[in-house]
Amino acid sequence: MRTPPGVSSKDFSSALRQFEQAVGEQWVLTSDEDMDTYRDSYSPFWHEDEEPVPSAAVAPDSVEQVQQVVKIANAHKIPLWTISTGKNLGYGGSAPVLSGSVILDLKRMNRILEVNDKDHYALVEPGVSYFDLYRYIHDRGLRVMVDAADPGWGSVLGNAIDRGGGHTPMRDHFDAHCGLEIVLANGDLVRTGMGALPGAKTWQQYRYGFGPYVDGIFSQSNFGVVTKMGMWLYPQPEAHMVATVSVPRHDDLIPLVDIVAFLMNCGIIPSTPPFAPPLFSGPPGDPALCALRARPDAPSTQELEQLFQRKHLGYWSVDLPFYGPVNVLAAQWEYARERFSAIPGATFQEGKLFRFPLDPKELEQVPNPVLLGVPNLAIFGIGGPRSQGHLWFSPIIPMTGEAVFEAQKVFADAYRELDLPVIAAGQTFFGPASNYPRCFLILFGFPVEHDIAKNRKNRAAFKRLVQIAAEHGWGEYRTHTAFMQTVSDVYSYNHHALRSFNETIKDAIDPNGIFSPGKCGIWPKHLREAKS
Ligand SMILES: Cc1cc2nc3c(=O)[nH]c(=O)nc-3n(C[C@H](O)[C@H](O)[C@H](O)COP(=O)(O)OP(=O)(O)OC[C@H]3O[C@@H](n4cnc5c(N)ncnc54)[C@H](O)[C@@H]3O)c2cc1C
C-alpha cells in the first residue's frame, strides 16, 4: 500500500478505517485500479517515477462527512488533494502535486441547491457539472443561461475556484461567483459574504458581507475545501448574434484591438471576442492558404498581406458576440460598426441571429453551442485524433495590438530557440483571447507525449517559456500542477512578499498542512523546511 509522505502504514490504515466509518466503506478507494482513475491523463511525466500519484481517495456525500474526513486527516497529518469533478485536464487532471496525497473527491456532492431565474443565480455543490446545471435549467424551462468552460463535463464550482473562463457575459467564472461555504482544516464551517449572517436573505446577491472580503484567498489556493458556491447567471437573452469585423493590413491589429478594448470596457461588447489569426480567417479549403498552413516556417507578413489582398480576405478578423434584446443588440452592433469604420478598408459581416429559447434543430447546426450557453465536449477535437493531450501555457499580456505583436515575436523566437515541435500557424500566429476583462490571455497548447525523452525536453522548454514570459512582464493566469512552483517562483516582487504572505495564512489556518500541499507553490511549514 502506498502511504502519504511522513505517515506510517499503521497510522494510515487507522485513518482509512476512520474515513470508512465517516463516508461508508465503498467510498474509500485504495486499489491500483482505482488510483489509476485519479492519474492525470495528460501528465507530462508519463511512464516516469516522478508522476505524482495518490495513495487513496475518499468521496464524502455531505458537508458533515467532509468535516469528519478533514478532522481525521488533520489528526493524522494526512495530505488531502481536493477535486470537484477532477477534470482539470491541461492543468493537472485529478492528480495531486504531492505524490501520496489522498484525493478528497467531491463528485458525489452534486446537488443543485437552487436556481433562481428572477434574481439570476444558482447555488451549487462541487460535483455539479455544466451538463447537470444546463439540464436542470432546461428541464424546468428556467430563463437563465449557463456559461460553461469548453469541456462541459467540468464542475461549475471547481472551474470557478481555479479561476477558469468561458465565453458569454458571465465568462470570468470566479468573478461571477457570489458567496462560498468552506470547510477549514480544523473542521470548522465558514460562510463568506452575507452567508455569515444567520438567515441572510442576500447570500447570492451581495458579495461582500461585512469586513474583509476573503473569497479570493480560497481560489487557486490550499486554504480550505469549498463545499458550496453561489454563481450569478446571465438572464436568458432574447437573442444572440456574432458579427465579424475584418481589417486588411497587418498593422490594423493595433486600432482593431484599441476599439475592441474600448467597446468591451464600455460594456457594448458584453463577452469574449475571439481574434482570428490571419491564416485561420480565410476559407479552410482554399489551396493557397492550405499550402501556407502546412509550411513549417512562418510566412512573412508581406507574403500574407499580398495573398489576403488578392483574395479579398481580411488580414485580421474579430468575432463580436452580442447578447440581449434584439433592438439593443442591433444598436450595439451599429455603434460598433461606426467605431470600426475608422479603420480604412474594414469590412463587416453579420452572423445568424439566434432567438431564445433555442430551436433544437437550429442548435444542431451550431459549431460551438457553448456560446449559446449549451455545454458540450466538441473542444476535444483539437489536436486531432493522434493527440496524446496537451498542457496549457497561458500567459496574460496587455490588451493592445502592440503587445500581441511583441508576444508573437518573443514566443516565435522562443519556439525556435527551444526547438519545439510544431511551429504551426496556430502557435506563431496565436489568437489572443479575452476571457478576462482588460487583458489578453494567450493559450498555447503544449504537447504531451507518451515518450519520456520528449516530455523531459518539453518540460524544460515549458519552464524556459515561463522565464521568458516573466522577463517581458507577462505571467501565467493558471498552470499545470507540474509547473506551479516554477510559476510561483516568477511572481517574486519584493523578495516573494506575496508568497510569504500566503505562507503566513497557510501556517495559521492549516498548521498541519493537510490541504493540497504545493498547490500554486504554497507549501506547509514542515515541507518548506524539508525542502530548504
Ligand atoms: C481541450 C481543453 C479545453 C479546455 N477549455 C477550457 C475552458 O474553456 N475554460 C477553462 O476554464 N478551462 C478549460 N480547460 C481546462 C479544464 O479542463 C477545465 O477548467 C475544467 O473545468 C477543470 O476541471 P473541473 O471543473 O473538473 O475542476 P476540478 O479538477 O475539480 O478542480 C480544479 C482545481 O480546483 C481545485 N478545487 C476543485 N474543487 C475544489 C474545492 N471544492 N475546494 C477547494 N479547491 C478545489 C483543485 O485544486 C482542482 O485541481 C480545458 C482543458 C482542455 C483539455
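The values are calculated or read from the model by the stated rules, or taken from the named source; none is laboratory data. All values derive from a computational prediction rather than experimental measurement. So basically every Cβ, Gly included, is an ideal-geometry build from the backbone, and we count neighbours across all protein chains shown. The protein model used for the area step is the full one, side chains on, heavy atoms only, and it has no ligands, DNA or RNA in it. Shrake-Rupley method; radii C 1.70, N 1.55, O 1.52, S 1.80 Å.
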Quote the relative contact order of the chain in percent (integer), defining contacts as alpha-carbon pairs under 8 Å separated by 6+ residues. 17 percent
Pop a pseudo-label 7 angstrom from the Cα along the beta-carbon direction at both A453 and M1 and give the gap in nm to one decimal. 4.1 nm
If a paramagnetic tag sat 7 Å from the Cα of R355 along the Cα-Cβ line, which residues of the stretch 301-334 would have the backbone N under 16 Å from that point? 324-330
Calculated from DSSP H runs of 4 or more alone, at -39500 (n - 2.57) each and per residue, what is the 222 nm mean residue ellipticity of the chain, nearest 500? -10000 deg cm²/dmol
Which percent of the accessible area of the stretch 102-250 is formed by carbon and sulfur heavy atoms (probe 1.4 angstrom)? 54 percent
Which whole-number value in Å² is the accessible area per residue of the chain, probe 1.4 Å? 43 Å²
Round to the nearest 10 and report in Å² the accessible area of R339, as given by a 1.4 Å probe over the protein chains' heavy atoms. 90 Å²
In debye to the nearest 20, the charge dipole size for the chain, taken about the Cα centre with +1 at each Lys and Arg Cβ and -1 at each Asp and Glu Cβ, equals 320 debye
Work from the charge dipole of the chain (Cβ charges, +1 for Lys and Arg, -1 for Asp and Glu, about the Cα centre) and give the residue of P524, G475, A261 farthest towards its positive end. P524
In debye to the nearest 20, the charge dipole size for the stretch 1-74, taken about the Cα centre with +1 at each Lys and Arg Cβ and -1 at each Asp and Glu Cβ, equals 420 debye
Please report, to one decimal in angstroms, the Kirkwood hydrodynamic radius of the chain built from all distinct Cα-Cα pairs. 24.6 Å
For a label point 7 Å from the Cα of T37 along Cα→C-beta, name the residues of the stretch 1-30 whose backbone N is under 14 Å from it. 26-30
Tell me, what % of the accessible area of the stretch 360-416 is carbon and sulfur with a 1.4 angstrom probe? 60 percent
The stretch 455-468 - phi-based ³J(HN,Hα) in whole Hz, Karplus 6.51/-1.76/1.60, Gly and Pro as x: 5, 4, 5, 5, 5, 5, 5, 4, 4, 5, 4, 4, 5, 4
For the stretch 303-351 and the stretch 84-153, what is the centre-to-centre distance using only Cα atoms, to the nearest Å? 35 Å
Spherically averaged projected area in nm², based on the convex hull that wraps the Cα atoms of the stretch 392-532: 10.1 nm²
How do 495-503, 20-28, 399-407, 359-367 rank on mean C-beta neighbours within 10 Å, highest first? 399-407, 20-28, 495-503, 359-367
